[in-house]
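Peer 1: Sharing a structure with you now.
The values are calculated or read from the model by the stated rules, or taken from the named source; none is laboratory data. Just so it is clear, the structure is predicted and the values come from calculations on it, not from any experiment. In this analysis, Cβ positions are derived from the backbone assuming ideal geometry, glycine residues included, and neighbour counts consider all displayed protein chains.
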């Protein structure tokens, strides 16, 4: 489980006085705790659930970083980028565009989809298979290109 690793990493970051890493790790831990209490039960998160939370954290920070960069706030941009780097370490290796295109193409041929009207069905299958390994926005872009 990722949460166990996070606890160990927090201790190491505290000993090393690595503030950037500590900030990112604490953000992950807080998000995991929030998710556990949010669902109304003290059940443990699954590893898939943890990965979805990590992806959400990275996405939020990328959006914030883009805004800070646009506004010329390098100090805040740097903070967001450091946190993205820390959080990304716990995500599975991301596939490159060519690999995603192969998988999407295989899904399309298996389902026999021929038009953009079937994009929802293809997206559902692709997101399920590529969970944690690819950005949903990129998957959507590839599906649209291949169906259109």
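Peer 1: Return yes or no: is residue 93 surrounded by fewer than 17 Cβ atoms within 10 Å (Cβ to Cβ), closer than 30 Å to residue 8 by Cα and in contact (Cβ under 8 Å) with a residue 12 or more places away in the chain?
Peer 2: In short, yes.
Peer 1: OK, next. Do we find a residue being touching a helix residue (DSSP H, G or I) at 6+ places or on another chain (Cβ under 8 Å), loosely packed, with under 12 Cβ neighbours inside 10 Å and in a loop (DSSP other than H, G, I, E, B) anywhere in segment 113-121?
Peer 2: Checked segment 113-121: at least one residue is touching a helix residue (DSSP H, G or I) at 6+ places or on another chain (Cβ under 8 Å), loosely packed, with under 12 Cβ neighbours inside 10 Å and in a loop (DSSP other than H, G, I, E, B).
Peer 1: Please give the number of the condition residue 142 fails out of (1) touching a helix residue (DSSP H, G or I) at 6+ places or on another chain (Cβ under 6 Å); (2) in a helix (DSSP H, G or I); (3) without any contact (Cβ under 8 Å) to a residue 40 or more places away in the chain; (4) not assigned by TED's automatic domain parsing to the domain that holds residue 20.
Peer 2: (3)
Peer 1: For the list (1) within 16 Å of the chain's Cα centre (by Cα); (2) in a helix (DSSP H, G or I); (3) in contact (Cβ under 8 Å) with a residue 40 or more places away in the chain, I need the number of the one condition that residue 104 fails.
Peer 2: Condition (1) is where residue 104 drops out.
Peer 1: Within segment 38-52, identify whether any single residue is in contact with a helix residue (DSSP H, G or I) (Cβ under 8 Å, 6 or more places away or on another chain), surrounded by 15 or more Cβ atoms within 10 Å (Cβ to Cβ) and over 21 Å from residue 136 (Cα atoms), and answer yes or no.
Peer 2: Looking through segment 38-52, at least one residue is in contact with a helix residue (DSSP H, G or I) (Cβ under 8 Å, 6 or more places away or on another chain), surrounded by 15 or more Cβ atoms within 10 Å (Cβ to Cβ) and over 21 Å from residue 136 (Cα atoms).
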